[in-house]
Amino acid sequence: MIKSGRQRLRRGHGRRPLILLSPVILTVVIASLAYTTPRSMAFSRLLPAAPALAAAMWPVLPTVLLGTVCLFLMIGLGIVFPDLGTGYTAAGIVAVTVAAAYGSHVRLQRERTLFQVRLVADAAQQVVLSPMPRRFGAVEIEALYLAAAAEARIGGDFYEVVDTRYGVRLLVGDVRGKGLPAVGAAAAIVNAFREAAYDEADLISIARRLEASSIRYSAAFAPEGLMERFATALLVEIPPGGGRIDILNCGHPSPLLLDRAELRVLQPTTPSPLLNLADLIGDHYSIDTFDFAPGDLLLLYTDGVVEARGRDGGFFPLESWMAGWTSARPRELLDALHRDLVHFSGGNLNDDIAALAVRLDEPPEPRHGERDRSA
């Protein structure tokens, strides 16, 4: 997927100079046709199209210069062929060039604004989805994030991983809603997790901290919007030395665990309340413990993965898909997931996607000298 994307990018860069020159090419083609074809065909009347096309990709000054060139070409054609109606076409060129110059100015202003918005989005991404190490001791972790909007950098899905004295702790979640409010709610939850994961001795206490942070953030919105600010979340703890994982599931899609024998769906025995809804349905949280042996592969994901629709309207078959990746490393798994999701949906992902792939490696063998010293 990455390689093919780079190939498409290189092809796109190769075509870009030709696209930028298309107004000049159009001018040459129209002028040639106007000179070589019968006067009744009047190809010269198409010359105003060249500055109009230039406005879509050129700055103001080059657009005006091309319009001036077209005007002189029309005057020259009028001298050679007096019956072309030069005055009307020349007036059209002037009018279109003025409009094209204004259109180019407006486009450039919007591009500058969009650039600033993208800078803000990049800053928000650094806050919510900060870079993380790929390995915490024997725990190897890789992340995937796909925004549904083509121009977006981030949405309401989030993840975080921290290494604490209690073990490696992971968070994956999804805020209901779209736009900046969803990003802000996600940032509030992630920041609360980054603090609580180091301070609290158990996942239940962390979940209560996340709930409190979510409520405080939602208080900034109008009361009618509070119900639309809830979030699903999945808290995972891998204790030092591995052997097991503890999971607290707040209404989130159940993670998948692939061991050497089978694929398991790690469903909660008692679901915990969604974030920002504990006041309504109670704050009764429960933790489930599962075996997690070296070589096992754990996948945490948001609902955008399983709700990706194919061309026939069906959902992405995540469980059957993952069953064939027994010996995969986390990065290999997520690269394949990215590729197959885009292929399955035809490139039309309707929701943001976040995923974490986790693998517990075998503990390193002590070196021969170390074994001799311990004997």
How about the range 336-360: which of its residues are among the polar types (S, T, N, Q) and assigned to a helix (DSSP H, G or I)?
Ser345
For the range 227-260, how many residues are buried (at least 24 other Cβ atoms within 10 Å of the Cβ) and of a type in the set (D, E, K, R)?
1
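Identify all residues within the range 272-286 that are over 29 Å from the mean Cα position of the chain (by Cα), under 13 Å from Gly251 (Cα atoms) and touching a residue at least 12 places away in the same chain (Cβ under 8 Å); write none if there are none.
Ala278, Asp283, His284, Tyr285, Ser286
Name the one entry in Arg169, Arg194, Arg209 that is among the basic types (Lys, Arg) and outside any helix (DSSP H, G or I).
Arg169
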Inspect the range 63-70 for any residue being without any contact (Cβ under 8 Å) to a residue 24 or more places away in the chain and in contact with a helix residue (DSSP H, G or I) (Cβ under 8 Å, 6 or more places away or on another chain) and give the result as yes or no.
no
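Just wondering, is there one or more residues in the range 327-344 that are charged (D, E, K, R), under 30 Å from Ser218 (Cα atoms) and touching a residue at least 60 places away in the same chain (Cβ under 8 Å)? Spell out how you get there, then give the answer.
Narrowing the range 327-344 to residues charged (D, E, K, R): 329, 331-332, 335, 339-340.
Applying the additional criterion that residues be under 30 Å from Ser218 (Cα atoms) yields none.
No; the residues of the range 327-344 include none that is charged (D, E, K, R), under 30 Å from Ser218 (Cα atoms) and touching a residue at least 60 places away in the same chain (Cβ under 8 Å).
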Out of Thr269, Thr302, I need the residue that is within 22 Å of Met132 (Cα to Cα) and among the β-branched types (Val, Ile, Thr). Which one?
Thr302
Could you tell me whether Gly304 is assigned by TED's automatic domain parsing to the domain that holds Leu203 and assigned to a loop (DSSP other than H, G, I, E, B)?
no
Cβ pairs under 6 Å, 6+ apart, first in the range 185-201 and without any contact (Cβ under 8 Å) to a residue 24 or more places away in the chain, second hydroxyl-bearing (Ser, Thr, Tyr):
Ala192/Ser213
Being closer than 25 Å to Asn249 by Cβ, of a type in the set (Gly, Ala, Ser) and loosely packed, with under 14 Cβ neighbours inside 10 Å is the filter here; which residues of the range 296-341 pass it?
Ser320, Ala323
Residues of the range 24-69 being modelled with pLDDT of 90 or more and of a type in the set (Phe, Trp, Tyr), in sequence order, are Trp58
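The values are calculated or read from the model by the stated rules, or taken from the named source; none is laboratory data. Bear in mind the structure is a predicted one, so any value in this text is a computation, not a measurement. Cβ: placed from backbone, ideal geometry, glycine included. Neighbour counts: every protein chain shown.
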